[in-house]
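Participant: Starting off with a structure, shown below.
The values are calculated or read from the model by the stated rules, or taken from the named source; none is laboratory data. None of the values given here were measured: they were computed from a predicted structure. Here the Cβ is made from the backbone with ideal geometry for all residues, glycine too, and neighbour counts use every protein chain on show.
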Amino acid sequence: MPHAIRIHAHGGPEVMQWDAVELPAPARGEALIRQSAIGLNFIDVYERTGLYPGALPMGLGREAAGVAEAVGPGAGGLRVGDRVAYASGQPGAYAEQRVLPADRLVKIPEGVSDRLAAAAMLKGMTAQFLLRRTFRVRKGTSVLIHAAAGGVGLIAAQWARHLGATVIGVVGSDAKAAVARAHGCHEVLVLGRDDIPARVRALTGGQGADVVYDSVGKDTFAASLDSLRPLGMMVSYGNASGPVPPFQPLELARRGSLFLTRPTLFHYIARRADLLRSARELFEVIGRGAVRIEIGQTYALRDVAQAHRDLEARRTVGSTVLLP
């Protein structure tokens, strides 16, 4: 019987359990996937702690790669033996096997390993919608990226530079600053040491950034707003330090009629056509060498509690992959 990591109560890393699970045969439009690599993301922490609550018991994890072991009728051309990857709107990727709708699966291109695909799907397609759809980055755009040495940050920084943007990264240490510089950032600031808004304005001729991508949340929100030019765009897409406290919309006007959005990947890939387009663009920039996916660390799936501790303590660099 296959196993999966599940939680029966919200809390710290210790609430994750290694449970035996019984899976049904794939129904019409579904496929059974034997998973070989699983991506770790901060959304997994949010769901474990209950910041994003769900019905218990529940699985965790949103992205993985593997091989189709069984396919139901009407699976849209998917065949047994196909290598596939996904970023799912429903948690449950921390598992040896999983049954999923076939229309949520993407075939992995030749030359892309399962581990790379698992590390890239959610984080890479997040970078795609942030840079290409939420705010369309182009040559000459000034971009500020928080957590620039993290999984999304490293991908977004490289991609933004490939698009011709001026890329300013924010990281938590000098060691991470070196990583960010090696992956597309023109300038790197250290949180807690540098005056982020003042430095951003100095680096942009006094104007401020055109767009800020902030996955940190509470600890950086005000500084992010203060780093923008008038009419700039604040993209808050994560809460690594906790949720942003309530604030008055008038603050946006006071800072120059700013725009604020709080997007999520799963709205951007809800349609099959958008999912395929996002994955295609991601694998294209990887194939051209414009974006390198850095797997900074791997853990056995059964050791996922330690992976969560390291992620929350900001001890990880790049993407983390769990191995069933």
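Participant: Could you tell me whether segment 240-257 includes any residue that is assigned to a helix (DSSP H, G or I) and either closer than 30 Å to Arg62 by Cα or hydroxyl-bearing (Ser, Thr, Tyr) (or both)?
Facilitator: No, there is no match, as no residue in segment 240-257 is assigned to a helix (DSSP H, G or I) and either closer than 30 Å to Arg62 by Cα or hydroxyl-bearing (Ser, Thr, Tyr) (or both).
Participant: Going by the structure shown, is Arg161 part of a loop (DSSP other than H, G, I, E, B) and over 28 Å from Ala300 (Cβ atoms)?
Facilitator: On the way: part of a loop (DSSP other than H, G, I, E, B): no; over 28 Å from Ala300 (Cβ atoms): yes.
So Arg161 does not fit the description; no.
Participant: Moving on to the next point. Among strands (runs of 3 or more DSSP E) lying entirely in segment 1-103, which contain 1 or more residues that are β-branched (Val, Ile, Thr) and either buried (at least 17 other Cβ atoms within 10 Å of the Cβ) or touching a helix residue (DSSP H, G or I) at 6+ places or on another chain (Cβ under 7 Å) (or both)? Step through it out loud before you land on a result.
Facilitator: Numbers: elements: 3-7, 16-20, 30-39, 63-71, 83-87, 97-101.
The qualifying strands (runs of 3 or more DSSP E) are 3-7, 30-39, 63-71, 83-87, 97-101.
Participant: Please state which one of Gly232, Gly184 is in a loop (DSSP other than H, G, I, E, B), surrounded by 22 or more Cβ atoms within 10 Å (Cβ to Cβ) and not assigned by TED's automatic domain parsing to the domain that holds Val317.
Facilitator: Numbers: Gly232 fails: in a loop (DSSP other than H, G, I, E, B).
Checking each option against the conditions leaves just Gly184.
Participant: Let me ask something else about it. Could you list all residues from segment 263-296 that are in contact (Cβ under 8 Å) with a residue 60 or more places away in the chain, within 30 Å of Asp226 (Cβ to Cβ) and of a type in the set (Ser, Thr, Tyr)?
Facilitator: Tyr268
Participant: Yes or no: segment 134-153 includes at least one residue that is in contact (Cβ under 8 Å) with a residue 40 or more places away in the chain, more than 18 Å from Arg288 (Cα to Cα) and touching a Cys at 6+ places or on another chain (Cβ under 6 Å).
Facilitator: So far as segment 134-153 goes, yes, one or more of its residues are in contact (Cβ under 8 Å) with a residue 40 or more places away in the chain, more than 18 Å from Arg288 (Cα to Cα) and touching a Cys at 6+ places or on another chain (Cβ under 6 Å).
Participant: Within segment 91-136, which residues are under 28 Å from Leu56 (Cβ atoms) and of a type in the set (S, T, N, Q)?
Facilitator: Gln97, Thr126 - these are the residues of segment 91-136 that are under 28 Å from Leu56 (Cβ atoms) and of a type in the set (S, T, N, Q).
Participant: Go over the candidates Leu131, Leu144 one by one and state the one that is assigned to a helix (DSSP H, G or I), more than 21 Å from Ala85 (Cα to Cα), modelled with pLDDT of 95 or more and not small (Gly, Ala, Ser).
Facilitator: Result: Leu131 is the single residue among Leu131, Leu144 that is assigned to a helix (DSSP H, G or I), more than 21 Å from Ala85 (Cα to Cα), modelled with pLDDT of 95 or more and not small (Gly, Ala, Ser).
Participant: Related question: Return the pairs, sorted by first residue and then second, in which the second residue is part of a loop (DSSP other than H, G, I, E, B) and not basic (Lys, Arg), the first residue lies in segment 248-262 and is assigned by TED's automatic domain parsing to the domain that holds Ala222, the beta carbons are less than 6 Å apart, and the residues are 6+ apart or on different chains.
Facilitator: Listed pairs, sorted by first residue: Leu252/Leu258.
Participant: Taking segment 277-324, which residues are closer than 19 Å to Arg48 by Cα and assigned to a helix (DSSP H, G or I)?
Facilitator: Leu301, Arg302, Asp303, Val304, Ala305, Gln306, Ala307, His308, Arg309, Asp310, Leu311, Glu312
Participant: Do you know which residues across segment 195-209 are farther than 17 Å from Ala240 by Cβ and either in contact with a strand residue (DSSP E or B) (Cβ under 8 Å, 6 or more places away or on another chain) or buried (at least 22 other Cβ atoms within 10 Å of the Cβ) (or both)?
Facilitator: Filtering segment 195-209 for residues farther than 17 Å from Ala240 by Cβ gives 195, 197-209.
If the condition is that a residue be farther than 17 Å from Ala240 by Cβ and either in contact with a strand residue (DSSP E or B) (Cβ under 8 Å, 6 or more places away or on another chain) or buried (at least 22 other Cβ atoms within 10 Å of the Cβ) (or both), then Arg199, Val200, Leu203, Thr204, Gln207, Gly208, Ala209 are the ones that fit.
Participant: Based on what the data block shows, is Ile43 touching a residue at least 12 places away in the same chain (Cβ under 8 Å), in contact with a strand residue (DSSP E or B) (Cβ under 8 Å, 6 or more places away or on another chain) and farther than 23 Å from Gly72 by Cβ? Full working, then the answer.
Facilitator: Values: touching a residue at least 12 places away in the same chain (Cβ under 8 Å): yes; in contact with a strand residue (DSSP E or B) (Cβ under 8 Å, 6 or more places away or on another chain): no; farther than 23 Å from Gly72 by Cβ: yes.
Considered against the rule, which asks whether it is touching a residue at least 12 places away in the same chain (Cβ under 8 Å), in contact with a strand residue (DSSP E or B) (Cβ under 8 Å, 6 or more places away or on another chain) and farther than 23 Å from Gly72 by Cβ, Ile43 comes out as no.
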